[in-house]
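To start, the structure under review is shown below, and the notes come after it.
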Amino acid sequence: MVTVVSGLINVLIIAIYATVAMMIGILFMGIGRKIVARVHNRVGPPIYQGFIDIAKLILKKTNITHGWIYDLALLFSITGIVLTILFLPIGGVKLLSTEGDAFLVLYLLAIPALGFALGAGASGNPNSAIGVMRALVMMLSYELPFVISMVALMIYYDTTSIAEIVASQYGKWAILIPPFAISAAVADMALQGMLMEAPFDIPIAPHEIASGPMAEFGGKHLGSLMIYKAGTIVAYTTLFVDLFLGGGVVMKGGIVADVVNFIVWFILIFLVFTLSLLINTSFPRFRIEQAFKFYWKYEAVLAIIALVWVYWMVIS
Amino acid sequence: MKYEEWSKISRIASKKSLWILHFCTGCGAIEMPPVMTSRFDMERFGMAPMATPRQADVLLITGYLTVKTLKRVIQVYEQMQDPKYVVAFGSCPINGGMYWDSYNTINQLDKYLPVDLYLAGCMPRPEGIINAMMELMEMIEKGEARGWEKYRKNYEKYKKNQEMAFKFGKVEE
Ligand code: SF4
């Protein structure tokens, strides 16, 4: 009986956790549009615009579907992103993390993107096909430098668990150690690609391929897609903060410490997101082969330099 | 909750986030960039340009329509998801404007598609466009912008006019 109750409480906590994370993501989309508008010297929409947009899309009267793969693919990607968020320590609190979850998260990060690609492919629009192709090439390109940076962290802290990487950074963030400053810069550019912000917004390029994979989405489906997008913002920025900025952990023990850590985590992911938006507003778009070259030629080499440096630090 | 309240919520949400598909047919298209960018900034009302008809709520017909373009406009309109609104720009879609006796442009858009709001002027200034959009928002909140329902109800009539136009040019007069 007790186990059932505690299990139910766990499920409830996880549900609240995921909902709050999604809400934060939707809020960030509105804030992001506001920031971009301020950079353009405009007023911009109110910061709760994301909620209104999603409400409108969900309440649309007709929702054209393109078959059950198209419907289920969205569910697939939202589930994937929620699972990823649950595996990441937020403000030092870990819900589902286990030993070796760094690899698991890397694997999980690919699932939502594939689900998105599946849905776009099922819609049958040629622009979507081009967009999906580009998204897959992008995934291939940013993952190499990102994984090398992560391996450097794993070697230095001698663990494959993100929670432990976060715990070992208590008091001294990884980014303050010289080789990891390079890794962090590399990972930040990879983040730019993951969030599909310029100069790597190649897959969704609205002016070239009519927003690519999203071309055929409308009504409820587009609404779910926006929720998925909100989830990716939280997941990817949290991953970066966990890896390089100590996951926002500044205090230990007690409920007060948890609240403080949560606030610090919120501020940190907000800063990371703002940085990515500022890069987004200041650069035009790469072509796909330029992006590929950028990641594999420059980023990957930098990441390897950091890796060798870390290795040398560890063995000496 | 009652249906009335739900539809009210959906109308308010719809009003606060109008996504626009500007079908650039005639001269009016040139007035859209200033409306979108820093000077007039329509994003502060929650309006945003969209890339495809599936995502959009408002179809802007920016100027005269030739019979050939009309075909495409109708296709685009039918791809949009309900509730959807049509705003006709300039005097050309109202009564033909300065192309009223042209052999290949239609004179009254209302015969072929349900227009929710006309925006007079040859061509309307960006202030006029913003004003019209505010008007449309008010109409949506009051539940007066019902062009999409009209189109579903009177589909036969619209279809007949469209077929006629494709065959013989225009059906007015
Ligand atoms: S109303 Fe005037 S500006 Fe607009 S399309 Fe007609 S001629 Fe051009």
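The values are calculated or read from the model by the stated rules, or taken from the named source; none is laboratory data. Computed from a predicted model, the values in this text were never measured in an experiment. Every residue, glycine among them, receives a Cβ derived from its backbone with ideal geometry; neighbour counts consider all protein chains shown. These accessible areas exclude ligands, DNA and RNA; they are computed on the full protein's heavy atoms, side chains included. Shrake-Rupley method; radii C 1.70, N 1.55, O 1.52, S 1.80 Å.
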Name every residue in the range B:86-126 that is within 12 Å of the ligand (Cβ to nearest atom), surrounded by fewer than 23 Cβ atoms within 10 Å (Cβ to Cβ) and among the hydroxyl-bearing types (S, T, Y), in order of residue number.
B:S91, B:Y99, B:S102, B:Y118
Failed criterion for A:M23 (all others in (1) in contact with a Gly (Cβ under 6 Å, 6 or more places away or on another chain); (2) open to solvent by 60 Å² or more (accessible area, probe 1.4 Å) hold)
(1)
Being among the hydrophobic types (A, V, I, L, M, F, W, C), away from every other protein chain (no Cβ under 14 Å) and in contact with a Lys or Arg (Cβ under 9 Å, 6 or more places away or on another chain) narrows it down to one residue among A:A152, A:A185, A:A163; which is it?
A:A163
Looking at the range B:19-40, which of the residues that are under 15 Å from B:V87 (Cα atoms) and either small (G, A, S) or within 9 Å of chain A (Cβ to nearest Cβ) (or both) is nearest to the ligand (Cβ to nearest atom)?
B:G26
Answer yes if at least one residue in the range A:209-218 is in contact with a helix residue (DSSP H, G or I) (Cβ under 7 Å, 6 or more places away or on another chain), open to solvent by 10 Å² or more (accessible area, probe 1.4 Å) and more than 14 Å from chain B (Cβ to nearest Cβ), and no otherwise.
no
If you go through the range A:33-49 one residue at a time, do you hit one that is touching a residue at least 24 places away in the same chain (Cβ under 8 Å), open to solvent by less than 20 Å² (accessible area, probe 1.4 Å) and at negative phi?
no
Suppose we filter B:P83, B:P49 for residues that are more than 15 Å from the ligand (Cβ to nearest atom), touching a residue at least 24 places away in the same chain (Cβ under 8 Å) and surrounded by fewer than 18 Cβ atoms within 10 Å (Cβ to Cβ); which single one remains?
B:P49
Regarding B:I129, is this residue β-branched (V, I, T), within 13 Å of the ligand (Cβ to nearest atom) and out of contact with any Gly (no Cβ under 6 Å at 6 or more places or on another chain)?
yes
Run down A:F262, A:F240 and say which single residue is open to solvent by 10 Å² or more (accessible area, probe 1.4 Å), of a type in the set (F, W, Y) and touching a helix residue (DSSP H, G or I) at 6+ places or on another chain (Cβ under 7 Å).
A:F240
Looking at the range A:219-231 only, could you name the residues that are closer than 29 Å to A:G248 by Cα and either open to solvent by less than 10 Å² (accessible area, probe 1.4 Å) or of a type in the set (A, V, I, L, M, F, W, C) (or both)?
A:L225, A:M226, A:I227, A:A230, A:G231
I need the full set of residues from the range B:1-31 which are buried (at least 20 other Cβ atoms within 10 Å of the Cβ) and of a type in the set (A, V, I, L, M), in order please.
B:A13, B:L18, B:I20, B:L21
With respect to the numbered conditions (1) away from every other protein chain (no Cβ under 13 Å); (2) more than 26 Å from A:V151 (Cβ to Cβ); (3) among the acidic types (D, E), which one is the sole condition not fulfilled by A:E197?
(2)
I need the helices (runs of 4 or more DSSP H) fully contained in the range A:126-212, keeping only those with at least 2 residues that are under 29 Å from A:V314 (Cβ atoms) and hydrophobic (A, V, I, L, M, F, W, C).
A:126-157, A:162-168, A:178-194
Go through the range A:66-86 and report how many residues are open to solvent by 30 Å² or more (accessible area, probe 1.4 Å), in contact with a Leu (Cβ under 9 Å, 6 or more places away or on another chain) and of a type outside the set (V, I, T).
3
At positive phi and either touching a residue at least 40 places away in the same chain (Cβ under 8 Å) or buried (at least 21 other Cβ atoms within 10 Å of the Cβ) (or both): does that describe A:G253?
no
Would you confirm whether or not the range B:65-75 contains a residue that is out of contact with any helix residue (DSSP H, G or I) (no Cβ under 7 Å at 6 or more places or on another chain) and at the interface with chain A (Cβ under 9 Å from one of its Cβ atoms)?
no
For the range A:34-69, give me the residue count where each residue is under 18 Å from B:Q55 (Cβ atoms) and either facing another protein chain (nearest Cβ under 7 Å) or assigned to a loop (DSSP other than H, G, I, E, B) (or both).
14
Among strands (runs of 3 or more DSSP E) entirely within the range B:1-114, at least 3 residues that are of a type in the set (A, V, I, L, M) and in contact with a strand residue (DSSP E or B) (Cβ under 9 Å, 6 or more places away or on another chain) occur in B:58-61, B:85-89
Residue check, A:K229 within 14 Å of chain B (Cβ to nearest Cβ), touching a residue at least 12 places away in the same chain (Cβ under 8 Å) and within 14 Å of the chain's Cα centre (by Cα)
yes
Looking only at the range B:64-74, and only at residues there that are within 14 Å of the ligand (Cβ to nearest atom) and open to solvent by 10 Å² or more (accessible area, probe 1.4 Å), the one that is farthest from B:C92 (Cα to Cα):
B:T69
